[in-house]
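Peer 1: Sharing a structure, written as structure tokens. Questions coming.
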Amino acid sequence: MEKVILLCVLSICLSPVHTQKFFFSPKWGPIGYKVHEERDGGTAMDEIIKANEFHASQMLDGTTSLREGDIAVSSGRRSKVCFARSCLWSKSVDGHVYIAYSLSPEYSETETKLIKQGMENIEKGTCVRFVPWTHQQDYIDIQPKSGCWSYLGARGGRQTVSLQNPDCLQVGVISHEFMHTLGFVHEQSRFDRDNYVTIMWPNIWRDRVRNFEKFRTDILDLPYDYGSIMHFGMYAYSQNGQPTISPKNKDIKLGQASTLSRIDRLKINKLYKCGWYQSF
Ligand SMILES: [Zn+2]
């Protein structure tokens, strides 16, 4: 059996996030949540948090909720199957992993261009190729729904990736969501993360503590990647403006704003066994 990135401790019954508990103020967002203004540019996840906490509900519909801030999890049968095995996209005989996509006509030309840049970002140095959907059974349907989110890995059939416009239409955010689509969870949810970062629990907005869980994932024999596009920023879900994640090596910056790290590309090639691709 292939060992791949899985969430093996996800409970089947996800309790709905209590969205009704918050009071929203148009200027500041949910009470108790503080946005940290990064002086030198934040991470892709910072942008996602802003979009999802301020505009989107954590419950997408009656059966689908967001896990870790932007991973759609459905309580339906298909998700259970998906979380119990690999959920890899299938690989073509030519060695590439083709992901068919359809794109909502609601996106403007500029927005479409940005989404394609996000795809190119994933393709560069990896075996993944995005192709327009024609007849393929499994494909992603990119829609400007509420918030930025994706399901984890291939679910089988059509699956939505939500890229709300304009909030989610940044190349880094788009690439981050496609990494979820490929099957990757957030870097700091690695089981061994406590060797590399300290989670500052008292600083985390109480209603989002669950977003900092660890999962027993296959780390693919790759080093912990502080600079992954899948890493939360230092102030993710801070309730008081203080850091919520502190690297053990104090001088290191967490996360990535716009592009995949070298190790992110290696991760893709290892997970999909495309070892002959050079990563740079
Ligand atoms: Zn994410």
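Any read-out appearing in this document is the output of simple, stated calculations on the displayed coordinates, not a laboratory observation. Remember, it's a predicted structure, so these values are computed and weren't measured experimentally. For neighbour counting, all protein chains shown are included, and Cβ atoms are generated from backbone atoms with ideal geometry for every residue, glycine included.
Peer 1: How do Cys148, Cys274 line up, fewest other C-beta atoms within 10 Å first? Could the numbers behind the result be given before it?
Peer 2: Working: Cys148 31, Cys274 17.
Going from sparsest to densest Cβ surroundings: Cys274, Cys148.
Peer 1: Can you pull out the GluC sites (Glu not before Pro) in the range 109-139 that DSSP calls coil and that have at most 10 other Cβ atoms within 10 Å? Write down the numbers at each step before the final one.
Peer 2: Values: sites: Glu109, Glu111, Glu120, Glu123; in loops: none.
Sparse-neighbourhood loop GluC sites (Glu not before Pro): none present.
Peer 1: At what distance in nm do the modelled label points of Gln117 and Leu222 sit from each other, each positioned 7 Å from its Cα along Cα→Cβ?
Peer 2: The modelled label-to-label distance comes out at 2.3 nm.
Peer 1: For the range 123-162, rounded, prolate or oblate, judged on the Cα gyration tensor with a ≥ b ≥ c (square roots of eigenvalues), a/c < 1.5 rounded, else prolate if a/b > b/c?
Peer 2: Numbers: a/c = 1.73, a/b = 1.25, b/c = 1.38.
It is oblate, given that a/c is not under 1.5 and a/b is not larger than b/c.
Peer 1: Now, a different point. Is the shape of the range 218-267 rounded, prolate or oblate, going by the alpha carbon gyration tensor and its root eigenvalues a ≥ b ≥ c, with a/c under 1.5 for rounded and a/b larger than b/c for prolate? Each step should come with its number before you reach the end.
Peer 2: Values: a/c = 2.26, a/b = 1.85, b/c = 1.22.
Note, shape of the range 218-267 comes out prolate.
Peer 1: Here's another thing I want to ask about it. Could you let me know the centre-to-centre spacing of the range 200-239 and the range 91-168, using Cα atoms, in angstrom?
Peer 2: 25
Peer 1: Going down the list Lys116/Lys270; Lys124/Lys145; Lys50/Lys113; Lys113/Lys270; Lys214/Lys248, which pairs span over 20 Å between their C-alpha atoms? Each step should come with its number before you reach the end.
Peer 2: Numbers: Lys116/Lys270 23 Å; Lys124/Lys145 27 Å; Lys50/Lys113 22 Å; Lys113/Lys270 28 Å; Lys214/Lys248 17 Å.
Listed pairs above 20 Å: Lys116/Lys270; Lys124/Lys145; Lys50/Lys113; Lys113/Lys270.
Peer 1: From the Cα gyration tensor of the range 161-237, with a ≥ b ≥ c the square roots of its eigenvalues, which class applies: rounded if a/c is under 1.5, or else prolate if a/b is larger than b/c, or else oblate?
Peer 2: On the way: a/c = 2.00, a/b = 1.23, b/c = 1.63.
Because a/c hits 1.5 or more and a/b fails to exceed b/c, the range 161-237 counts as oblate.
Peer 1: So for Met45, Met200, Met230, fewest C-beta neighbours within 10 Å to most, what's the order? Write down the numbers at each step before the final one.
Peer 2: Values: Met45 31, Met200 17, Met230 26.
Taking fewest neighbouring Cβ atoms as first place, the list is Met200, Met230, Met45.
Peer 1: When a footprinting reagent is the concern and you count Cβ atoms within 10 Å, what order do Lys270, Lys250 take, fewest first? Before the final figure, lay out each step's value.
Peer 2: Numbers: Lys270 19, Lys250 6.
Ascending number of Cβ neighbours within 10 Å: Lys250, Lys270.
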